[in-house]
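Notes follow once the structure below has been shown.
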Amino acid sequence: MVALVVLLTWRRQASRETSPIRYAFLPIASDASFFVALERGFFAKEGLNVQATKCESSNQALEALVAGRVDATAVVALETALALEANTPNQFRVVEMTAATAETRVHRIEVKTDSPIKTLADLRGKKVGTFPGSQMVVFLKLILGRYFDADKEVEIIQLKPPLQPQALESGQVDALFCLEPTGTLLEEKKLARAISINPLYEYIQKPFPTAVGVVSIRMANEKPDVVRRINNALRVAHRFMREHPSEASAVFPKYAPIEATLAPRIAVYDYWDLTTIDRDSVQRLADLYAAKGIVTKQVSTASLYATLPK
């Protein structure tokens, strides 16, 4: 009996991944699944020793992955990952995705509470602020292009999120195409109201894949069982977020600049693990990115997903 206990204990210890998994994350609510998996012990239950490293942008996180400074990333912008694949292929494999679906409230177009602007059509001739980068500018033009010539009849001003509320309040812009937590923060303080919620889903593509969590190609090739365990932990985190949203949101302030009182009201995306990713939607969006010049060339996404061992 003693020998059996020793053997079982040895096997459990052997099943743990002794090398730390260096994981890059961004201090934003969209990386919620990683925060939950880490704080609720879901990685640890899979025998994974995860070390978190904060990065300030999707580009920085993926640069760290390519350079070998981290082994995996929490969700980063899909456009940035596709651009990396287009320019320097075969650097990563996808293990997780976020998406805007029917109930998503992450993206909003906000105007001041007392603004006369009521609809998207009213933005003709106005100034609209948005997150910096070609992706959000193209998205905004696609959305507004349903109502007028968005290349000529609207001025788009790129603003970092900390500057967006002040820009709207001061009149520097007439509206904001913003991401969370900016929209919730403005609405909670009664500084703004939404004239469009979930426009990526409503006006561009249903569903709309937004971001990817990835592992390095080296980890995918050399440690497929670790990838399987990462997928398991993330899948449990996704379920926990759906079933216990208030408890899940309680971990946000530890990793992102979100007030604890505001955290339960912050909107997040839907999360897909390797078994639930809508791969056709990902390819359609990759094709749109190429057609609109967001990425330099078409990318076949079929080979980008990690393979889980049987």
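The values are calculated or read from the model by the stated rules, or taken from the named source; none is laboratory data. Predicted model only: the values in this text are computed from it and were never measured. Cβ placement follows ideal geometry from the backbone for every residue including glycine, while neighbour counts extend to all protein chains displayed.
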- Message: Kindly evaluate residue 150 against the criterion of being farther than 30 Å from residue 259 by Cα and in contact with a helix residue (DSSP H, G or I) (Cβ under 8 Å, 6 or more places away or on another chain).
- Response: yes
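Every residue, every condition in (1) closer than 30 Å to residue 236 by Cβ; (2) modelled with pLDDT of 95 or more, yes or no:
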| position | (1), (2) |
| --- | --- |
| 82 | yes, yes |
| 90 | yes, yes |
| 96 | yes, yes |
| 105 | yes, no |
| 108 | yes, yes |
| 111 | no, yes |
| 128 | no, yes |
- Item | Single match in 144, 140, 185 (criterion: touching a Phe, Trp or Tyr at 6+ places or on another chain (Cβ under 7 Å) and of a type in the set (A, V, I, L, M, F, W, C)) | 140
- Task: With respect to residue 167, determine if the residue is in contact (Cβ under 8 Å) with a residue 24 or more places away in the chain, touching a Gly at 6+ places or on another chain (Cβ under 7 Å), outside any strand (DSSP E or B) and outside the structural domain of residue 289 (by TED's automatic domain parsing).
- Result: yes
- Counted residues, the stretch 53-76 - those being within 17 Å of the chain's Cα centre (by Cα), surrounded by fewer than 23 Cβ atoms within 10 Å (Cβ to Cβ) and touching a residue at least 60 places away in the same chain (Cβ under 8 Å): 1
- Message: Restricting to the stretch 141-168, and then to whatever is under 14 Å from residue 111 (Cβ atoms) and within 27 Å of the chain's Cα centre (by Cα), can you tell me which residue is surrounded by the fewest Cβ atoms within 10 Å (Cβ to Cβ)?
- Response: 167
- Show the residue pairs that are 6+ apart or on different chains and have beta-carbon atoms under 7 Å apart, the first residue being within the stretch 145-157 and closer than 13 Å to residue 122 by Cβ, the second being surrounded by 14 or more Cβ atoms within 10 Å (Cβ to Cβ) and among the hydrophobic types (A, V, I, L, M, F, W, C). 147/120; 154/123; 154/128; 154/144
- Please verify whether the stretch 133-141 includes one or more residues that are touching a strand residue (DSSP E or B) at 6+ places or on another chain (Cβ under 9 Å) and among the charged types (D, E, K, R). yes
- So, of the residues in the stretch 121-140 that are in a helix (DSSP H, G or I) and closer than 15 Å to residue 173 by Cβ, which turns out to be nearest to the chain's Cα centre (by Cα)? 136
- Taking the stated definitions as given, is residue 229 under 27 Å from residue 37 (Cα atoms), among the charged types (D, E, K, R) and under 17 Å from the mean Cα position of the chain (by Cα)? no
- When you go through (1) surrounded by fewer than 21 Cβ atoms within 10 Å (Cβ to Cβ); (2) farther than 30 Å from residue 141 by Cβ; (3) under 18 Å from the mean Cα position of the chain (by Cα) one by one for residue 255, which number turns out not to apply? (1)
- Message: Can you pull out every residue in the stretch 31-52 that is in contact with a Phe, Trp or Tyr (Cβ under 7 Å, 6 or more places away or on another chain), surrounded by 23 or more Cβ atoms within 10 Å (Cβ to Cβ) and over 13 Å from residue 240 (Cα atoms)?
- Response: 31
- Kindly check whether there is at least one residue in the stretch 216-225 that is surrounded by fewer than 22 Cβ atoms within 10 Å (Cβ to Cβ), assigned to a helix (DSSP H, G or I) and outside the structural domain of residue 278 (by TED's automatic domain parsing). no
